[in-house]
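Taking it in order: structure first as structure tokens, then the write-up.
The values are calculated or read from the model by the stated rules, or taken from the named source; none is laboratory data. Predicted model, so just to flag it, every value in this text is computed and none were measured. Neighbour counts are summed over all protein chains in view; Cβ atoms, including those assigned to glycine, are modelled from backbone coordinates with ideal geometry. Each accessible area value is taken on the protein alone, full model and side chains, heavy atoms only, with ligands, DNA and RNA left out. Shrake-Rupley method; radii C 1.70, N 1.55, O 1.52, S 1.80 Å.
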Amino acid sequence: MVRISIPTLPAAPLVAPSGLSILPLPQAASHLAKFLENGKGKTVMLTGAGVSVDSGIRAYRGEKGTYSNPNYKPILYHELVENSDRGDMFRRRYWARSFLGYPPVRDAQPNPTHIYIAALQHLGLAPKLITQNVDNLHRKAFSLLSPKYKQSSILELHGTLAKVHCLKHRHEQPRDTYQEDIANLNPVWNEESKEAERTGRRPRTNPDGDVELHGVDYRSFTVPPCRLCEEEKEDASMVKPNVVFFGETIAPAVRDESLNLITSSSSLLILGTSLATYSAFRLVKLAIEHKKPVLMITTGPTRADPFVGKGLEKMDRIAGEVLGKYLDEAVKTSTGQEVEDVKKYLHTGIVKRPPEVEGPRAEG
Ligand SMILES: [Zn+2]
């Protein structure tokens, strides 16, 4: 019996804001500098939806830890894979919405915070990154900035939207080829998608690359089977994006790697996340149990707030502002090829926020 829970956050912070949050920006940046220096190049970073909001990708949760879109119910894993007519309808609905919702995620560009985080990696200050985001933006930023970019520098805790796989044979393929298969089988839907691209009137995209549609009959949508099964003349299998759904467990290899990254680190820097998912929260708990210094820079309440003052320092600030200030100063006084690479890209991030996000930034 699987128990499904969709994580939510307490309505109010459980602890008083720490003094760190009211430091002027330069002092906040110096605090980060000291934290990274003490980490001696073995600091691990952990990021969440808050860092992607400036790229037009919406956080699940707003300022007070509630869903920023109260009507949004993500599809659950068991619904997506259910072998029944009901499951079939869930899959049609999921892939129809995802077909329209994916292009904005595919086309999103790294914002300044992604560039700063990639800079910390490239400079060797915090070479390893664990992210809860599935939008591929950390990889885009790091590969832009670093000729030495390695796939293994970034662990995507909840997978990536850039790939899909089939359930029976685990054939993996780029999402773009599956997107083509969908387009070929669904010419009417494809016209709809092109129209949205042309007019810029794209439906509201949720962070997992899904859109909300109203009054639509999903029976008109055909879900293509895995093309690799067909090529290898095996039983055609259903395809799933390489992302962890609500109600799905993380692959043991990914979980173990995330735990290893924490135990072999010197300290943990948390950026732009409310840590609402257990898979991320558990890493913070582990760091604290192992007495690793933890610095969290994010806005609003988080699930780790009870650890403030007990091994965890919290700066209730927009992570990108502190990182940007720190790096601006750091590159002035440093030399070397890596520093030159960073200088070249430091201010190339693109800010393109979702139209509905107003006022203070929401973090995921
Ligand atoms: Zn297959």
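Which residue, of 45, 89, is at pLDDT below 95 and either assigned by TED's automatic domain parsing to the domain that holds residue 325 or over 30 Å from residue 266 (Cβ atoms) (or both)? Just one listed residue meets the conditions, 89. Contact map, segment 256-267: residues that are over 17 Å from residue 47 (Cβ atoms) paired with residues that are in a helix (DSSP H, G or I), Cβ distance under 6 Å, separation 6+ or inter-chain. Pairs shown: 266/39.
Residue check: is residue 125 out of contact with any strand residue (DSSP E or B) (no Cβ under 9 Å at 6 or more places or on another chain), aliphatic (A, V, I, L, M) and open to solvent by 30 Å² or more (accessible area, probe 1.4 Å)? Reasoning before the result, please.
Numbers: out of contact with any strand residue (DSSP E or B) (no Cβ under 9 Å at 6 or more places or on another chain): no; aliphatic (A, V, I, L, M): yes; open to solvent by 30 Å² or more (accessible area, probe 1.4 Å): yes.
The answer is no for residue 125.
Counted as qualifying within segment 130-204 are the helices (runs of 4 or more DSSP H) with 2 or more residues that are closer than 27 Å to residue 227 by Cβ and within 16 Å of the ligand (Cβ to nearest atom), namely 175-185.
Listed by first and then second residue, the pairs linking a residue in segment 155-169 that is without any contact (Cβ under 8 Å) to a residue 24 or more places away in the chain and open to solvent by 10 Å² or more (accessible area, probe 1.4 Å) to a residue that is more than 10 Å from the ligand (Cβ to nearest atom) and of a type in the set (Gly, Ala, Ser), with Cβ atoms under 8 Å apart and 6 or more places separating them unless they lie on different chains, form an empty list. Specify the residue that is surrounded by the most Cβ atoms within 10 Å (Cβ to Cβ); the eligible residues are those in segment 205-243 that are away from the ligand (no atom under 16 Å from the Cβ) and at pLDDT 85 or above. Per the criteria, the residue is 221. Given the residues 329, 321, 313, which is the only one that is assigned to a strand (DSSP E or B), of a type outside the set (S, T, N, Q), open to solvent by 10 Å² or more (accessible area, probe 1.4 Å) and over 30 Å from residue 81 (Cβ atoms)? Of the residues listed, the single one that is assigned to a strand (DSSP E or B), of a type outside the set (S, T, N, Q), open to solvent by 10 Å² or more (accessible area, probe 1.4 Å) and over 30 Å from residue 81 (Cβ atoms) is 313. Of all residues in segment 186-204, which are at pLDDT 70 or above and open to solvent by less than 70 Å² (accessible area, probe 1.4 Å)? Within segment 186-204, 186, 189, 190, 193, 196, 199, 200 meet the criteria.
The residues listed here are 264, 274, 258; of these, the one that is more than 18 Å from the chain's Cα centre (by Cα) and either within 17 Å of residue 129 (Cα to Cα) or hydroxyl-bearing (Ser, Thr, Tyr) (or both) is 264. Candidates are the residues of segment 277-303 that are of a type in the set (Gly, Ala, Ser) and within 18 Å of the chain's Cα centre (by Cα); the one that is surrounded by the fewest Cβ atoms within 10 Å (Cβ to Cβ) is 279.
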